[in-house]
Amino acid sequence: IVSAVQTAANKNLKATVSFNPDLSLSLIRNFPNLSLGIDELKIVGKDSFANDTLIHAPHLRLVVDIASVFSGKEIVIRKIHLQDARANIILLKSRAANSDIAIADASAPKETTADTSAPMSLKIKELNIENTRIHYVDHSLDFELTTEGTNLLSEGDFADALFTLNNNINIEKASMSFAGMTLLSDAKLKGETAIDMDLNQMKFGFADNQFQI
């Protein structure tokens, strides 16, 4: 199963995906849900981004609704926990991005047809990122952002079209530059936000927000 998942990912992505095949499964940790632990996940680019690592996640844990696993209809992921990861997002002057790794299905029909396969549904209720480094560089704008010790806790129910996404963010060090000018240097950031999400109309409203730099 692990080999098939890795092969399918590499076939359908413009990137090379690898991870430690020794996965951990637990029914006790997040009972009654299934806890899946993946170590040493790496997504490395191809072509223009050959050898550029998009994501390196030493520790990734997914909490899966166990009832959905046996239903055969859809797999529901409830929580994503990322720890000690490194993300490197690059945009070239051509606007090509190493984060654009999905391969368009040229053989897919223009008209939608009934799909009897079981899709993966990201009905996430919690996203938890701990001690992560994020590097974002846009060569077309001469913009660069680096964060160290990024901690983010986002809670909301993406299963609903209308919901409030609550975020708590804490960044130990943030540096930002634009057109050769330093805007932030090793700044510590804290923030709490509540975002009203309307996924049907793709509208987002900012309610109570607090930021500290």
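Read-outs throughout are calculated quantities, based only on the coordinates presented, and are distinct from any laboratory measurement. Here the structure is a predicted model, which means the values were calculated and not measured. Using ideal geometry, Cβ is built from the backbone for each residue, glycine included, and neighbour counts are taken over all protein chains shown.
Per-residue ellipticity at 222 nm computed for the chain from its helices equals -2000 deg cm²/dmol, with DSSP H segments shorter than 4 residues left out and the rest contributing -39,500 (n - 2.57). Sorted on the mean count of surrounding Cβ atoms within 10 Å across their residues, most packed first, peptides 83-90, 97-104, 206-213 read 83-90, 97-104, 206-213. Once C-alpha pairs closer than 8 Å and six or more residues apart are averaged by separation and normalised to the residue number of the chain, the relative contact order reads 12 percent.
Report the antiparallel proportion of the DSSP beta bridges in the chain as a percent, rounded to a multiple of 5. DSSP beta bridges in the chain are roughly 85 percent antiparallel.
The local environment of residue 82, defined by Cβ-Cβ distances under 11 Å, has a net charge of +1 under the rule Lys, Arg +1 and Asp, Glu -1. When the square roots of the Cα gyration tensor eigenvalues are ordered a ≥ b ≥ c, the ratio a/c for region 165-213 is 1.5 or more and a/b does not exceed b/c, which makes its shape oblate. Since only 57, 45, 202 are under comparison, the one whose Cα sits farthest along the positive direction of the charge dipole of the chain, derived from C-beta charges on Lys, Arg, Asp and Glu, is 45.
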